[in-house]
Amino acid sequence: MNLKGRDFLTLKDFTKEEIIYLLDLAAEYKQKKKKGVLHDTLRGKNVALIFEKTSTRTRCAFEVAANDLGMGSTYLDPGASQIGKKESIADTAQVLCRMFDGIEYRGYGQEIVEELAKYSTVPVWNGLTNEYHPTQMLADMLTIREHFKKLEGLKLVYLGDARYNTGNSLMVVCSKLGLHFTACAPKEYFPNAKLVAQCEEYCEESKGTITLTEKITAACKGADIICTDVWVSMGEPDEVWEKRINDLSPYKVTTEIMNLASPNAIFLHCLPSFHDLNTEIGKTIAEKYGLTEMEVSDEVFKSKASLVFDEAENRMHTIKAVMAATLGAV
Ligand code: CP
Ligand code: NVA
């Protein structure tokens with residue numbers, strides 16, 4: 001398997017074998033890290049980390065992973081560079097690839113990260129766009145595989161806004177790897193028809209399936225993995241909160257929902273999550289709309305079934321695998 005020089009923009013661009021290879025490599029790096037075995041085989045290289053939206057996990061994962069691989073990293077925060085305002089994406093790409101060996105981009109439209117990749121001569125990694133969050137998917141699949149010891153044939157149900165990065169990307173990765181994906185939401189929150197059709201083609205090969213439904217009980221019955229995400233994503237205007245709360249409240253992940261799932265079922269959330277009032281936004285929403293929790297109950301979030309912190313840790317191991325493979329460390 002040789003992924004050297006490849007961009008990592010969406011998992012649509014990767015085969016099942018390539019995705020499994022990245023998961024295996026991540027598992028290997030995870031073991032090395034736990035055992036204290038150094039793996040700084042990319043000494044002398046440098047990566048640029050562009051964040052036009054905020055981050056805790058993705059930024060830290062890229063920085064720690066780069067450091068573990070022996071690389072330097074430069075963080076460009078939202079607002080602290082010329083990107084987009086004084087300098088085009090095309091020019092930025094051509095400047096950065098003269099200095100760096102790889103470029104991570106987190107921001108808005110998928111077309112931006114694609115433009116960056118078009119003009120860059122070094123690998124570009126998508127650290128989240130409005131449409132896709134591919135590094136998150138590797139972490140999710142690694143977490144699922146660690147728990148169930150397999151991926152194929154498992155039933156994953158995503159409740160909430162399935163039109164956005166997390167919902168779209170879960171549908172892509174499940175259909176590539178042969179999981180049964182269900183998006184459970186009001187119809188207007190289903191992923192777009194073109195992407196669904198594309199994923200249905202992947203399913204023909206992988207034997208996965210895609211179900212889009214509004215019916216919660218039928219969807220969650222026997223599920224192996226229950227997933228959700230915030231109801232309002234970064235970059236969306238505050239005005240959308242009221243409608244989202246009204247539309248998506250029935251799809252909140254509660255203990256009743258987890259009880260419909262299989263006895264060994266797990267709960268995943270990419271994080272950050274509004275499961276209590278210990279956040280500024282959580283408090284504001286509570287004052288305005290009277291909700292004390294949003295997409296997931298505090299009870300489920302803190303339950304034994306919740307593997308959200310393993311999932312968060314796995315961001316680092318999987319991002320390390322993506323950088324190592326595309327920079328030719330393996
Ligand atoms: N899950 C995730 O991407 O988290 P951050 O926004 O903190 O990077
Ligand atoms: N859908 C969320 C994911 C955060 C990691 C967002 O885009 O804000």
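The values are calculated or read from the model by the stated rules, or taken from the named source; none is laboratory data. Since this is a predicted model, take the numbers as computed values, not measurements. Heads up, the Cβs are rebuilt from the backbone with ideal geometry, glycines too, and the neighbour counts pull from every protein chain shown. When the accessible area is computed, the model is the full protein with side chains, heavy atoms only, and any ligands, DNA or RNA have been set aside. Shrake-Rupley method; radii C 1.70, N 1.55, O 1.52, S 1.80 Å.
Per-residue answers, yes or no, for (1) farther than 21 Å from Gly328 by Cα; (2) free of Cβ contacts under 8 Å to residues at least 60 places away in the same chain; (3) not polar (S, T, N, Q):
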site	(1), (2), (3)
Lys4	no, no, yes
Asp13	no, yes, yes
Lys35	yes, yes, yes
Phe62	no, no, yes
Gly84	yes, yes, yes
Gly102	no, no, yes
## Note on the structure
Of the residues in the stretch 75-120 that are exposed (fewer than 13 other Cβ atoms within 10 Å of the Cβ) and part of a loop (DSSP other than H, G, I, E, B), the one that is modelled with the highest pLDDT is Gly109
### Task
With the condition kept exactly as written, say whether any residue in the stretch 63-70 is open to solvent by 10 Å² or more (accessible area, probe 1.4 Å), assigned to a loop (DSSP other than H, G, I, E, B) and more than 14 Å from ligand 2 (Cβ to nearest atom).
yes
### Task
Determine which single condition Glu52 fails, assuming it passes every other condition in (1) more than 24 Å from Tyr108 (Cα to Cα); (2) crowded, with 21+ Cβ neighbours inside 10 Å.
(1)
### Message
With the requirement that a residue be surrounded by fewer than 24 Cβ atoms within 10 Å (Cβ to Cβ) and of a type in the set (Asp, Glu), what does the stretch 121-162 give you?
### Response
Glu131, Glu146, Glu152
### Summary
Residue set Trp231, Trp241; condition over 19 Å from the mean Cα position of the chain (by Cα), within 16 Å of ligand 2 (Cβ to nearest atom) and open to solvent by less than 50 Å² (accessible area, probe 1.4 Å); output residue Trp241
#### Entry: Residue check, Thr74 among the hydroxyl-bearing types (Ser, Thr, Tyr), more than 16 Å from ligand 1 (Cβ to nearest atom) and within 23 Å of Lys33 (Cα to Cα)
yes
